[in-house]
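Shown next, in structure tokens, is the structure this report addresses.
What follows is calculated from the coordinates using simple rules that are stated; it is not laboratory data. Not measured: the values here are computed from a predicted model. With ideal geometry, Cβ positions are generated from the backbone for all residues, glycine too; neighbour counts draw on all protein chains shown.
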Amino acid sequence: MVRWEPNARGRLERAALELFAERGYEQTTVAEIAERAGLTKRTFFRHFSDKREVLFAGGEAFQAQFVTAVAGAREHATPLEAVALSLHAAGAMLQERHAFARERSAVIAANRELQERELVKLASVAAALAAALRERGVEEPAASLTAEAGIAVFRVAFERWVAEGNERALPDLISESLDALKRLN
């Protein structure tokens, strides 16, 4: 009989990333992930709908972090200030998962389908940010432009953060990228 061990979800994530790195995303099966984690396929499917979700689970919480921060910005914050607040909140949320984010990013970079999924996720975040800005009274096209610029800033900072050899904090890289954007005028 297998002894119960805690953190099944974390073990499945770890096993999936290891296998994706070793064999590639396409060549890795759910059964192999579950076996590597010392769990059953049934347990895998209690936590994830498919192997892709190991990489994209938590997307709703990620998006909510952005939207909540925009909604909580001070009343007279500019649209860019409100979005900057949301970028920092999301960056702080991700900071503790640096190693996972770096490995996840490498897996996604090696697979076109996953790259497309990541772009869809970021487009959804941009749309939610734009909606949150409109709720604050920001009119179009300013709401959409600010949201899209914010996501561009986030992507640039994130790519620098997960780059091999980087040890700087994501919120610091976000601040640096925001400053670079502001200097473009």
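Give the lysines reachable from K182 as a straight Cα distance under 26 Å; neighbours fewer than 8 places away on the same chain don't count.
K121
Pairs of alpha-carbon atoms within less than 8 angstrom and 6+ residues apart define the contacts here; what relative contact order does the range 75-170 have, in percent?
On the way: 54 pairs, mean separation 35.7, N = 96.
With pairs under 8 Å counted, the relative contact order is 37 percent.
Decide, for the range 84-150, between rounded, prolate and oblate: order the square roots of the alpha carbon gyration tensor eigenvalues as a ≥ b ≥ c, take rounded if a/c falls under 1.5, and otherwise choose prolate if a/b is larger than b/c, else oblate.
In terms of gyration-tensor shape, oblate.
Normalised by the residues of the chain, what does the relative contact order come to in percent, with Cα pairs under 8 Å and at least six apart?
19 percent
What is the distance in Å between the Cα centres of the range 77-108 and the range 1-50?
26 Å
For the range 1-64, what does the relative contact order come out to in percent, with C-alpha contacts under 8 Å and a separation of six or more?
Details: 41 pairs, mean separation 20.5, N = 64.
Computed value for the range 1-64: 32 percent relative contact order.
So for K121, K51, fewest C-beta neighbours within 10 Å to most, what's the order?
Details: K121 15, K51 19.
The order, fewest Cβ neighbours first, is K121, K51.
Give the angle, between 0 and 90 degrees and rounded to the nearest 10, that separates the Cα long axis of helix 59-71 from the longest principal axis of the Cα atoms of the chain.
So the inclination is approximately 20 degrees.
So what is the calculated 222 nm ellipticity per residue for the chain, using -39500 (n - 2.57) for each DSSP H run with n of 4 or more, over all residues, to the nearest 500 deg cm²/dmol? It would help to have the intermediate numbers written out before the result.
Numbers: 10 runs with 135 residues, N = 185.
One gets -23500 deg cm²/dmol as the mean residue ellipticity at 222 nm.
Among N166, L122, V156, flag the residue with its Cα farthest along the positive direction of the charge dipole of the range 27-166, charges on Cβ as +1 for Lys/Arg and -1 for Asp/Glu.
N166
So what's the angle, to the nearest 10 degrees on a 0 to 90 scale, between helix 79-95 and the longest Cα principal axis of the chain?
20 degrees
Give me the aspartates and glutamates in straight-line cross-link reach of K41: C-alpha distance below 15 Å, same-chain residues under 8 apart excluded.
K41 reaches E13, E32, D50, E53.
Which value results for Rg/Rh of the chain when Rg is the Cα radius of gyration and Rh the Kirkwood radius based on the inverse mean 1/r?
Working: Rg = 18.3 Å, Rh = 17.7 Å.
Dividing the radius of gyration by the Kirkwood radius yields 1.03.
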